[in-house]
Amino acid sequence: MNDEDTLRAEYPAELIKSGERGKYVKSYREGTNIVIIAPELHKLFPDSESVNRALQKHAEEHQMAFT
């Protein structure tokens, strides 16, 4: 491994120092359920709320049980 500083000039030091160590560690450890949808569906369902509403309605109409 090379110990040489390879930080590019376009990354200002203020940006690097503004980070928070472990910011997402709790959610990472809990796991994730991210799903990638097709771009054409993203136009119809632009956020989690709209996706969840559509899936809940679909499940109810098809008598699928939530467990």
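The values are calculated or read from the model by the stated rules, or taken from the named source; none is laboratory data. Every value quoted in this text rests on a predicted model; they were computed, and no experiment measured them.
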> So which residues in the range 6-33 are on the phi < 0 side of the Ramachandran plot, of a type outside the set (D, E, K, R) and part of a loop (DSSP other than H, G, I, E, B)?
Replying inline: 6, 7, 9, 11, 12, 18, 19, 24, 32, 33
> Does residue 51 satisfy the condition of being at pLDDT 80 or above, part of a helix (DSSP H, G or I) and β-branched (Val, Ile, Thr)?
Replying inline: yes
